[in-house]
Each structure stands twice: as structure tokens, then as C-alpha cells.
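Where a number appears in this text, it was derived from the coordinates with a stated rule and is not lab data. Owing to the predicted nature of the structure, the values given are computational and were not obtained by experimental measurement. We place every Cβ from the backbone using ideal geometry, glycine too, and count neighbours over all the protein chains shown.
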Ligand code: BGC
């Protein structure tokens, strides 16, 4: 039989590779098709077969006992639901897949993958919650339990969680490389547990399982409690730390046993972690270490029997997202000594995490580590912007030689570490930073000829990492660190280009839905540690994160379940806004009403207008009312709720009418006359076509008042960039991205920024720092321009809402960027792009994965001279020439590697009207980017040589 060159790789279960705890009864499976780059073009899958077995041996021996899908005709490679035998708690499922290609040629079996089921019912939890007598504050408790294993172990799997943060230990070592488990949820509603394969950690004979538990989000300080009257600064979820752990052992002879937390465990409060707080740091006293506490043979006579605790209210759920881990270790670049004996290490990169410090000191000598993002002009660390988060770790030496300090149960946002209390000058190599973030797989990268762009891109990536600590947060340093919803609303697409966030954002949307108020208001942040009925909910642009992020996941990962999950919460949100505003202008009940946050009206510059950038709040709110209602209609459509689709489409149309009547005049001027207002109205599709052009001109006119700069803030910045490109002014978008004066991304880079700032003017030479009450140097909102960079510098866009992925590759060279290369890994596989303009010649190499249709745009000043591997576009195998659009020749093809050349007159790189293609998100779903592009080109007769600009 003929074999296909396709190989199924990167097997995923519930969006993750080999998840160690899955609590979905019928998990969804997916894979990617790999084809060698020299393979024939246009490969696709015509059928698949999945096999799932309870052991690797059974799978290999073809005695599949859980599920055999048999050969199933389908192009689907993602979200295929397991449809076999019912699965039990802690069951291991080994699986493989093979595929058939377009010519019915069969592939070999994939390498096997595995997933492990979680604990599927309350009854299946045999473990009891255990804790200590005292309420917080008290030192971090250590727990231990000795047990014997008499037989050979086939496999062992541990499930654990805590009210607090925990680290499990087995037989003398910390168990896994995940940190800050069980991560943050609204513990009153959901507590995540984690699964670990511990087969290799156990031994025949004596074994010890132990844990250490810290305060964390559950009992420690969390952000902005100061803003909520009556909120306790710590212990928001509870004042008693507790641990829950259950170890499943399967012996060689098939027998099974469970070791679980119960009253046989013992604890001690005399360990070295005297205090540990997420915001304030840790106090570690090495004199109180208890060597061997987690191994057999330790004398625990002075440990106490644990206290059994009542189960918390929250439902136990398996952690859906990839764990937080140390993602990178970073060596400092230099060390300063602003006063004798005080050393400041500069990492050269703003990170989230902590440091590992090698030192030697007298027994009991106190060393202090303070963490900050910036230096003051006098060379001291700048800490005012941390507000009350002290980010300070204190270490008391054990004495007697070299020791190494690495904190747990805390994290800091910092580039600089001030170390004091040492008896001698440290070496630069004595310290390294451990940068932590949610370990979702990397999904994209780009490098280009413009070094400023490259630094901006790097700043965006780092800001993403630093703010993905289980929850997408606003900032990692001050006493805030909340899952602010508008921040991720505008950043989600950039986030998905950089990392595979399917699992992480699905989890966050659960947090978000958990925080819906009874009347339908959606939250300003999630998890919501306060009462959403009382505060921090119902804000335009923030509450709208629900439908917007859900749609983003649908678009990137083809996930309909997420639309199903968000449907009812979104419907209640829309109904609530409508109820409060029956005349369809969102003028009432806007709650915290942040508006176009941190726009140019908040700047302190004499040469820029002090007013006129802030979009009137009701205009912004009504625009979002329309946007979310249109999305709700789209969601209804996808989910087959035909009547709802019609109903909400009608409502959206009426909101649009009301918006235009109230806020838009015949010249296309929108009340407020702000850049933000035009960008939002255009990108949401709020204006009738004849007005669009005028409104767009107004938007551009408003640059003049800001000396050619942006005046937008959190919400509208990326929308404005997208609109410029979509409407033929990619040149202006490049100008903005290439600026180095304030406000611009380049301005912060000029000041040495290695992450994206919260404010455009966080620091201004000659003026100093902005208001320390709100001045983070690591906030991803305006980093949302990352999506623009992927779409226009690299040139890649994705729409995976159909079974067959729809890709667009259309780089926009400019006088500011003359080459770029990089990739984005979609759920169908990797798209790579490498392009360059040299002299008047453009080269563009594109590799696209199987099971996708790709539209490629090649910039050219002479359509007749565009070639692919030396052939004309009409002759190139596997490609269809579909027309031109502006100065782009457009072709469509499937998988393969394509090498284009064209003549690209240097004038074209300066040209204002280079493009004008529909590469933009933000419109109501039915008018998403690539779809718009495809439709408008297809109207042309195939074969005709169209020249008109679209
Ligand atoms: C946060 C933001 C958030 C905002 C609400 C700030 O304190 O840092 O990122 O979206 O409040 O306007």
C-alpha cells in the first residue's frame, strides 16, 4: 500500500500534551500533521483512526480496550471527542492516531501519547483535608507521612491541592518543577488540584510523602484589598491553611492501594519558612531547616498530629492549564554599589520570579533582598511604584560555609535586586534570576531588519510571560496583580500568537464566569476575590472581555465549547445592559467606567493638548454594547440557536442605529472627535460605508494635534493600528511603530525598557517618574500591538473557525522594515515566513502546514513579473492565482513550501496606499479578517488580470 508523507505529531488532549489530570468525562483529542518541506503540495487529511488503550502494551499489541474510532472520514484534526468506554478516576489512557491523505494513502501510527484521568467524583476523594491548629499568621507548616511498600510498583499517581500554596515532597526531594500550585481561582467556587506521575519516586520498603504549605492567594495578601471597604488585607478566602493529597499506587500484581491525607499525618511549624507572602516576600531562617524531614528515618517525635479541616466550599477541579514553572534562568549583567556594602544587581531584563543567591555568612546573619523594576537617578532601586508590596526577601544564614537561598511561595516583578547584609562583596555570578511564567508552549517568533521593532517585540513577549502567572494579570510587581479583564481583552490575540493559550485562557474564562454578578454584570477582573455584586463589575470594555476573549479562542483554536460556555453569561450581560439602558445608549450603570484608560489626557506635556483624547465614556460604552451584542449573535449562529441569532442581530442593528443618531454627524465626526472614538467605531463596524472614509480621515487628522503621535490608551491602540493597515495606510502604522518620541512604544525602548509600560509616559527624561500610585513598567495592554506585528511585519494571520484552517500570509514591507522572518505555530502546524527586499527585488518564502488553505499576498510593482520557484503564478504547481489587491498579487494554495520573487520598486515601500486588505479582527465575527479578504477578491473573474485597488 502507498504511504502518505503525512505524520500525525504533537498529540493533545484537552489542549495539552500528556495532561496529568483530566476531569472531562469525554476529553477532546487533537494532533498536527507534519509533512516534510520538500513534500508534494496541498496535502490534507481525508480520514483518521484513533485508538485508546489502558496500557502501552495493549496499544502496541493492537488489543485496544478503550476506544477504536475505526477509519473515520473527516478532515478534523482538533476537538475530536473521545467516544469509547467510560473512564474511571486515575485511569491512564494511552493513545495513538493514524491518518489518510487526500489520495487515501495511509500514514503510520503516531508515537503514543498518554493522558491520565483526574478524580471524577466527590466519593472518589478518599483524602481528608488536613491542617494545623492555629489560624494565620503562622510559619509555613510542614506535613509528613511514613508508609511502607511491600511489593513491586507498576505505577503511582499523586493528586494534590491546598488551601494556600503547596509543594509536595517524596523520599527526600521536592516532587515537580511546577511552582505556586494550585494557582489562583475563586477558592469559594473552584479549587484546582494537580496530578503527578510519581512512579519513579517511590521505592520498595520505607517511603515518606510530605508537603509544605504557604499562604498564597488563599490566605496571604492579594491586590487592591485597600480599595474595597471592609476587605481584609489577608485571609480573603480563609484563615486556615489546609492540604489534600491522594496517592494511587498500582502494584505489579494488579492490586491497588490509596495513600491519602488523614489524621495519621503529622505537622511542624518549626521549619525555616517563617513568613511567605506573594506581595511582601519571604522570611527564611536557614537555622530552622529540618534536614531529612521528607525522607525515611527522620525523627518526628516533636511533630504534632494534624487537625482535620472541613472541606472548603469550592468544587475540586483538575487544573486545566499548563503549570507555572521556572521558564528561564538569567545571569545579571552588572553590579552596582550605590553605598558601601549595598549591592544592586541588574539583570538587564525585567522579569517575574525571584533570585537564587549563593552566599556565606555567620550563623543567624541577616541578608536582605529588595526587588525593583527601575533605578532612581542616584543609583538606588526605585520602589515607590510598588505601593505597599514590599517584595523583600530576608534570609538568616545557617552558617558554616556556602549556602544557597531560593525563595518559595512568593514572586516579584523586577529587573534590579538590592542585596544588603553580606559580609563581603559578592561576585556577579553569585546570583541568578529565576523567571517564572505559565508554561504554555511557545507559538511564535519574529525578527526583522528594524532593531527597534525587535526590541518592542521582545518587550511584548516578556511582558506576556511576566503577567501569566496562572492568571493573566495587569502587572507583576505592585500590590495589585489582578486578572484585569480589559487588559487581556485587548491582548488576547497577541497572546495567542506568542503562546498556545488554549488551555490557559479557557481556565481564565472559567474564573471570569465564576465572577458574574447575580444581575448579569460581568467582572472587572477575575478571579474576583470580593463580592462582584457589590464592586468591580459592570464596566464597559472590561465586562466585554468574556465574549471577546472567547471569540478569540474560537478563532485561534476552533473551540466551539468555549462559545457554548460563554453563551449564557454573555446573554445575561447583554440583557443587563439593555435593561439598564432601554434607549440603547449605554448612559446608565457604567459602574467603574474606566473608559479609554491612560490616554493622552493623562500626560503631562506642555507641547501636547491636555484635553481631547479621552473618548466620551457613553460613546465608548455604547460601542462595546454593540460589539458584544453582535458577538452574541455570531455565537448563537455558530451554536445553531437560530432564533437568538436573529434576535440579537436585530438588537445589534438597533444599537448601531442609536449610536449613529446620537454620536455621528453627516461628516463622519464622532462625538468627542478622538482618535480612539474613530478607531473603535471603524473596527467594530459601527459606521455606514459612506461615513467610514470620512471618519477615517478624521482619525488621521487628529494625529496632527499630537505632532503625528497616538493619543489612545489601553483599549483603542491596537484597533487604531489595525484600521490604518486595513484602510490602506500601513505606512502610517509603520511610522507610529517606528517613533521614538513620547507617546510611542519606541520612547520606552529609548529609556531602556525591556517590558511594556503601563503608561506611555511612565518615565520622562527631565521630568522623572509618573505618579507612583499607578506606574507599572510591566503591563501588557499597549503591547497588544504584537498582533499587528505578526499580521503585518511577519505577515501571518489565522482563522481556524472552520475544519480547514484559513491562513493569510501577506507581509507589508516598508521603508522601516526590509526583511523579516519568523513563524506562528497554529493548531494545524507551523507557518514559517522569510521575506526580504533587496534593491528592487522581493523574495518571500512561505511554508504552510497540511489541512490549511493559505492566501498569500506578494507585494509587487509589476504583476506580470511575480514568480514562484521561477514560474508564473498561473503555472506554479499547487497554487491558484486569484487576483490582485492594491499592490499585492494574491494566490491561494495548501500545504508546502513556496518561494516567490517579485519586482518591488523602492517607491512602493514609501507608498501610502500599499494595501487596504481586510487583515483585521475586531469587526463582528462574520466579517473577520481573512474572510473579508477572500470574499472581496473572489468577486473577480478567475483568469482576468484585475488591477484595481481594493
Ligand atoms: C490596572 C489596569 C486595569 C485598570 C482598570 C489598573 O489599576 O492596573 O490594568 O485595567 O486599573 O482601569
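General observations
- Helix axis angle, 717-726 relative to the chain longest principal axis, alpha carbon, degrees: 30 degrees
- The three principal axes of the C-alpha atoms in segment 444-788 carry coordinate ranges of 57, 48, 37 Å, sorted with the longest axis first.
- Beta-bridge orientation, the chain: approximately 90 percent antiparallel, per DSSP, counting only bridges with both partners inside.
- Packing rank of 798-807, 224-233, 874-883, where each peptide gets the mean count of other beta carbons within 10 Å, highest leading: 798-807, 874-883, 224-233
- From the alpha carbon centroid of segment 136-204 to that of segment 434-460 is 33 Å.
- Taking 0.36 nm per residue of separation and subtracting the current Cα-Cα distance, fully stretching the chain between residue 308 and residue 17 would add 101.2 nm.
- Per-peptide average of other Cβ atoms within 10 Å, ordering 26-38, 43-55 highest first: 43-55, 26-38
- For residue 874 and residue 9, the difference between the fully extended length at 0.36 nm per residue and the C-alpha to C-alpha distance is 308.1 nm.
- Rounded to the nearest 10 degrees, the angle from helix 929-938 to the longest Cα principal axis of the chain is 30 degrees.
- Where Rh is the Kirkwood radius over Cα pairs, Rg/Rh for segment 451-512: 0.98
- On full extension, the segment bounded by residue 62 and residue 580 gains 180.3 nm, given 0.36 nm per residue less the C-alpha separation.
- A compact globular protein would have a Cα radius of gyration near 2.2 N^0.38 Å; the ratio found for segment 325-438 is 1.00.
- Convex hull (Cα only) mean projected area of segment 793-919, reported in nm² to one decimal: 6.9 nm²
- Sorting 425, 729, 189 from the fewest to the most surrounding beta carbons within 10 angstrom yields 425, 189, 729.
- For segment 465-563, a Kirkwood hydrodynamic radius built from all Cα pairs, placed in the Stokes-Einstein relation at 4 °C and 1.567 mPa s, yields a translational diffusion coefficient of 97 µm²/s.
- Value of relative contact order over segment 286-368, rounded to a whole percent, pairs C-alpha under 8 Å and six or more apart: 19 percent
- Span from the segment 678-711 Cα centroid across to the segment 496-572 one, whole angstrom: 29 Å
- Taking label positions 7 Å along the Cα-Cβ direction at both residue 200 and residue 46, the computed distance is 4.3 nm, reported to one decimal.
- Normalised by the number of residues in the chain, the mean separation of alpha-carbon contacts (under 8 Å, six or more apart) gives a relative contact order of 10 percent.
- Inter-part distance, segment 784-799 to segment 311-363, computed on C-alpha centroids, equals 32 Å.
- Computed log₁₀ I(q)/I(0) - Debye formula, equal Cα scatterers, no solvent, the chain, q 0.09 Å⁻¹: -1.01
- Footprinting exposure proxy for 325, 727, 560 (fewest neighbouring C-beta atoms within 10 Å first): 560, 325, 727
- On Cα atoms only, tilt of 675-684 relative to the major axis of the chain in degrees: 90 degrees
- Here, segment 808-850 is characterised by an Rg to Rh ratio of 1.03, where Rg is the alpha-carbon radius of gyration and Rh the Kirkwood radius.
- Of the residues 447, 392, the one with the fewest other Cβ atoms within 10 Å heads the list, and the complete ranking is 447, 392.
- Taken over the alpha carbons of segment 59-194 as equal point scatterers, the Debye sum produces base-10 log I(q)/I(0) values at 0.13, 0.15, 0.18 Å⁻¹ of -0.84, -1.00, -1.23.
- Descending by average beta-carbon neighbour count within 10 Å, the peptides 204-211, 290-297 line up as 204-211, 290-297, the highest first.
- For segment 7-116, the spread of Cα coordinates along the three principal axes comes to 44, 26, 20 Å, biggest extent given first.
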